[in-house]
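Heads up: the structure comes next, in C-alpha cells.
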Ligand SMILES: NC(=O)c1ccc[n+]([C@@H]2O[C@H](COP(=O)([O-])OP(=O)(O)OC[C@H]3O[C@@H](n4cnc5c(N)ncnc54)[C@H](OP(=O)(O)O)[C@@H]3O)[C@@H](O)[C@H]2O)c1
C-alpha cells in the first residue's frame, strides 16, 4: 500500500484547502450498526497520513456523540484538519425519537455553542445547515450563520440538501464554500440544477454517501437480511425487498469496469464521483464514510483512478434505473423543491 498523499483542492472560492477526498465520520457513532472505537480512531489517524483533511460530522449524529468522539483526534491535530459540522435537526424534548428541522437564529446560536463545547475547539472550520426549514427565509438563516463568522465562531459556511434557488439566495447574503448533497452512481438529481448553480457561483460540491451507503461497494445486498437490527439502512427503500434485488443487478457494469481496472467496485464508484469535477468544472470533494483502516487506504487510492469515456458510458445508464427513493421520507430532501 502506497503512502503517497492525495492531492489538495480549494473548497469553493475563498474556502479552505482540503484533500480531494474527505472522511465521513457519521458511522463511527451512528446509523450503520456496531462500531469499534479503536478501529475508528486508527482510521482517522491513517486518513490524515494519506492526506485526508476534511472530516465530516454533525450535531445530529448520535445526538452529539459523534462530535464528542472526534474531539480528541481534532484537538491532537488541530492545525492539520478541517472540521465540518452541521445544525438543523433538533430533538424535541417531548419525543427524543423524532427530529424537527430548525433554521431559526436562536436555534442556530444555541447549536453552535453546543457543538463548540462538544468538539472542545474555539472555532468550527465549516458550518453547514444540515436541512432546510422552508418556513424560515434562507436569507435569515444564512444571515444568522454569517454572524457566527463575524464573531469568529465559524470560518466558512456550507449548506446541505438545498435547491439551486436557495443556494443563489444564500450566496447573496454570505459566500458559501460548499454544498453537501447526495451524489453517486445511484443518486444524480443534483446534476440538473444544483451543480450548474454551484459552478456559476464558485461553490464546491461535497458529495455525501458516494458509495451509496455501502451498497455500491457490494458490502450488502438486502439490508433487512444482511445488516443488524439497529442499522438505519434497513428503512431505506432502495435496500429492501424487490428494490434491493433489482438494484443489485445494476452493479454489473460497475463490476465490469472494476475488473478492467483491477480495482474494487467501491473504488470505481468513488472514481466516478471524483470524475464529476472534470465533467462539470467545479471542485468536488466526496466524503465516503468508513471505520476501517484497510478501507480508508482503498478509498483514497481511488483518487488515482481515471475512468475512460468508454467506462463513463457504461456507467451512465445506472442512476435512471434505480428502484426506490433515496430516503424513506423524501420531505427531508431538496429534490422535491426544485
Ligand atoms: N448531509 C447529509 O444529509 C448527510 C447524509 C448522510 C451522510 N452524510 C455524511 O456523508 C458521509 C458518507 O456517507 P455515508 O456514510 O452515508 O455513505 P457512503 O460513504 O456511501 O458509504 C458508507 C458505507 O460504506 C462502507 N464502506 C466504506 N468504504 C468501503 C470499502 N472500501 N469497501 C466496502 N465498504 C465500504 C462503510 O462501512 P464501514 O464504515 O464499516 O467501513 C459504510 O457502511 C457520512 O459519514 C456523513 O458524514 C451526510
Worksheet item: Tell me, 225, 86 in order of fewest to most beta-carbon neighbours within 10 Å?
Response: 225, 86
Item to complete: Quickly estimate the mean residue ellipticity at 222 nm for the chain, helices only: each DSSP H run with n ≥ 4 gives -39500 (n - 2.57), and the total goes over all residues, rounded to 500.
Response: -11000 deg cm²/dmol
Item to complete: Just round it to a whole percent: the fraction of Cα-Cα distances in the chain exceeding 27 Å.
Response: 41
Fill in: Protection proxy ranking, peptides 183-192, 227-236, average beta carbon neighbours within 10 Å, highest first
183-192, 227-236
Practice prompt. Compute the length gained on full extension between residue 42 and residue 323: take 0.36 nm times their separation in residues and subtract their Cα-Cα distance, giving the result in nm to one decimal.
Written response: 97.6 nm
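Sorted from fewest to most neighbouring beta carbons within 10 Å, what does the list 337, 99 look like?
337, 99
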Worksheet item: What is the Cα centroid distance between the range 40-63 and the range 172-199, reported in whole angstrom?
Response: 22
Item to complete: For each of 29, 264, count neighbouring Cβ atoms within 10 Å of the residue's Cβ, then give the residues from fewest to most.
Response: 264, 29
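Return a whole-number percent for the relative contact order of the chain, with Cα pairs under 8 Å and 6 or more residues apart as the contact set.
For the chain, the relative contact order is 21 percent.
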Fill in: Packing-based order for 89-95, 143-149, using average beta carbon neighbours within 10 Å, highest first
143-149, 89-95
Fill in: Amide N proximity, the range 178-199 versus residue 149 label position 7 Å along Cα-to-Cβ, cut-off under 17 Å
178-180, 198-199
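Readers should treat all values here as calculations from the given coordinates under stated rules, not as data from a laboratory. Because the structure is a prediction, the values reported are computed rather than measured. Neighbour counts run over all protein chains shown; Cβ positions are idealised from the backbone, glycine included.
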